[in-house]
Amino acid sequence: MYLDNFEVREETLLTPLKIAQRTTFLEWDSQPTLFKHYPHFCYRISLHDIEALEWLSQLRCITSLRTVAQKPYYQLNVPSAGNLHPLEVYVQVRNVSGVLCGIYHLDVVSEQLVLIQEIEDDGVELYLGLTNRFNGFMVMLSIVPFRSSWKYGLRAWRYCYLDLGHQIAALNATVRHYGLELTKMSHYEGNGLNVSMGMGDEEYIAAVYGIGGVGTRPVKILKNNLMCVAPTNYTMKDDKLSSSIRNTPLYLEEYDVTQWNDYAQINRSRRSAREFIASNANESAIDSLLQKSVPNSLEVIAIVMQAHSMHLGIYRNGEFSTAGNYQDEVTQLLLGQRFIAGANMVLLIYAQQFTAHSHIEAGIYAQDVYLTCEHHGVGCSGIGAFYDNEGSKWSNNPLLYAVAVGGKS
Ligand SMILES: Cc1cc2nc3c(=O)[nH]c(=O)nc-3n(C[C@H](O)[C@H](O)[C@H](O)COP(=O)(O)O)c2cc1C
């Protein structure tokens, strides 16, 4: 049962009727576990013990831990719809001084690499179109759909890919901050990588990047499939969601994200705004967001709702296009989420095509917006909940995502 992109959009639409029909309340005690853990007997290396691994501690990390309803409440450097974090990170390490060559899981809680399997003349390279061994790191990002579908049902499809885009942008920014470079992989068709990586049927590798270089020695296919460890403590499978994610080709594109000198700090201090105070906004920073470059697949329409030094109304391609007060309309579009009425500007992210990959690119762009805002002391929040059909008011393209921007409270 495979959904094409048109069906995915139709089946995941939010409409006023669907919202009104939502009668169930979530039992937070039944939330599936947020982090995957490999068995205790696996060899582990602290990311802080070896200099060459330090960058991995910024890639995906816990940046806030509180107790909510007697349970730990983690927040990470990357935002996530509903704070559900349906992603995991794996790293193949080869010829890195002081580190056993092998395939590792990034354990975000303990800030360790956990060795799943050693490698020698074998590895994942052949799945990615490389016939020689790749020296350095191959970072594989997987999606665990149930973490998100537990709350959002099939609409989780959108959030998994938007979240993935945020994580890819964080990878890109982290790598560059450490003076390293990403190597683009070419794609090899098929599900072989998932099987070899021991992903089972609850998790799918969705994007892969190299940091290092292709060597001269040939590589063989992995001698043994990796052990299979469930990514959540329980699961309820949604065949439509899983098969759609399983059948989506790996995302291998590269986008430059803005580099900031204070990246190490803003990567950890960024939070999603829960309230805005428009009068606190740094308007020149908000204005500068209008000039930010946008991936070719996307169209970004900015709606300025409150400002002293900018015209209120609609901006297309960074240019002012239509004057007006759209505060009520935009707040209503975004499911009437009250705090949005206090924002200075909402960026509406459309794409020419409604695909998994355009959602990833929307997430990449939005993470760049998050970091730009944090650098300038401005608040923002990704908004994945909106009435799809009302979003068509301002563009013929489908609306994928929005980011509300405003003065910090
Ligand atoms: C794809 C995506 C969709 C989101 N949608 C909403 C939303 O509709 N409303 C909202 O208030 N926050 C939304 N958020 C923000 C999350 O609630 C927030 O990232 C999460 O609670 C974690 O908090 P943090 O970003 O401060 O770490 C979204 C974030 C992402 C990445």
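Select, from Ile364, Ile383, the only residue that is over 17 Å from Leu171 (Cα atoms) and within 14 Å of the ligand (Cβ to nearest atom).
So the residue among Ile364, Ile383 that is over 17 Å from Leu171 (Cα atoms) and within 14 Å of the ligand (Cβ to nearest atom) is Ile383.
Give the stretch 49-63 a look and list any residue that's of a type in the set (A, V, I, L, M, F, W, C), out of contact with any helix residue (DSSP H, G or I) (no Cβ under 8 Å at 6 or more places or on another chain) and assigned to a loop (DSSP other than H, G, I, E, B), or say none.
Listed by number, the list holds a single entry, Ile50.
I'm checking my understanding of the structure. Among residues of the stretch 285-309 that are assigned to a helix (DSSP H, G or I) and touching a residue at least 60 places away in the same chain (Cβ under 8 Å), which one is nearest to the ligand (Cβ to nearest atom)?
That would be Leu289.
So, in the stretch 361-408, exactly how many residues are among the polar types (S, T, N, Q) and either under 21 Å from the mean Cα position of the chain (by Cα) or closer than 18 Å to Asn83 by Cα (or both)?
Qualifying residue count, the stretch 361-408: 3.
Test of understanding: among Arg133, Arg158, which residue is charged (D, E, K, R), more than 30 Å from Asp262 (Cβ to Cβ) and more than 16 Å from the ligand (Cβ to nearest atom)?
Arg133
Taking Thr258, is it among the polar types (S, T, N, Q) and under 22 Å from the mean Cα position of the chain (by Cα)?
Criteria met by Thr258.
Across the stretch 310-354, what is the total count of residues that are of a type in the set (S, T, N, Q), touching a residue at least 24 places away in the same chain (Cβ under 8 Å) and not in a loop (DSSP other than H, G, I, E, B)?
1
Test each condition in (1) at negative phi; (2) modelled with pLDDT of 95 or more for Gly212 and report the one that comes out false.
Going through the list (1) at negative phi; (2) modelled with pLDDT of 95 or more, Gly212 breaks only (1).
Among the residues of the stretch 138-149, which ones are away from the ligand (no atom under 15 Å from the Cβ) and part of a helix (DSSP H, G or I)?
Phe146
Table: residues versus (1) polar (S, T, N, Q); (2) surrounded by 10 or more Cβ atoms within 10 Å (Cβ to Cβ); (3) under 15 Å from Val91 (Cα atoms).
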site: Phe35; (1), (2), (3): no, yes, no
site: His40; (1), (2), (3): no, no, no
site: Tyr43; (1), (2), (3): no, yes, yes
site: Ser46; (1), (2), (3): yes, yes, yes
site: Glu54; (1), (2), (3): no, yes, yes
site: Leu59; (1), (2), (3): no, yes, yes
site: Thr67; (1), (2), (3): yes, no, no
site: Lys71; (1), (2), (3): no, yes, no
site: Gln75; (1), (2), (3): yes, yes, no
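Condition check ((1) in a loop (DSSP other than H, G, I, E, B); (2) within 16 Å of the ligand (Cβ to nearest atom)) across all residues:
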| residue | (1), (2) |
| --- | --- |
| Asp29 | no, no |
| Lys36 | yes, no |
| Phe41 | yes, no |
| Leu65 | no, yes |
| Tyr73 | no, yes |
| Pro79 | yes, yes |
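Please go through the stretch 252-267 and give me each residue that is within 16 Å of the ligand (Cβ to nearest atom) and either assigned by TED's automatic domain parsing to the domain that holds Tyr365 or modelled with pLDDT under 95 (or both), ordered by number.
Val257 - this is the single residue of the stretch 252-267 that is within 16 Å of the ligand (Cβ to nearest atom) and either assigned by TED's automatic domain parsing to the domain that holds Tyr365 or modelled with pLDDT under 95 (or both).
The values are calculated or read from the model by the stated rules, or taken from the named source; none is laboratory data. All values derive from a computational prediction rather than experimental measurement. Glycine also receives a Cβ, built like all others from the backbone with ideal geometry; neighbour counts cover every protein chain displayed.
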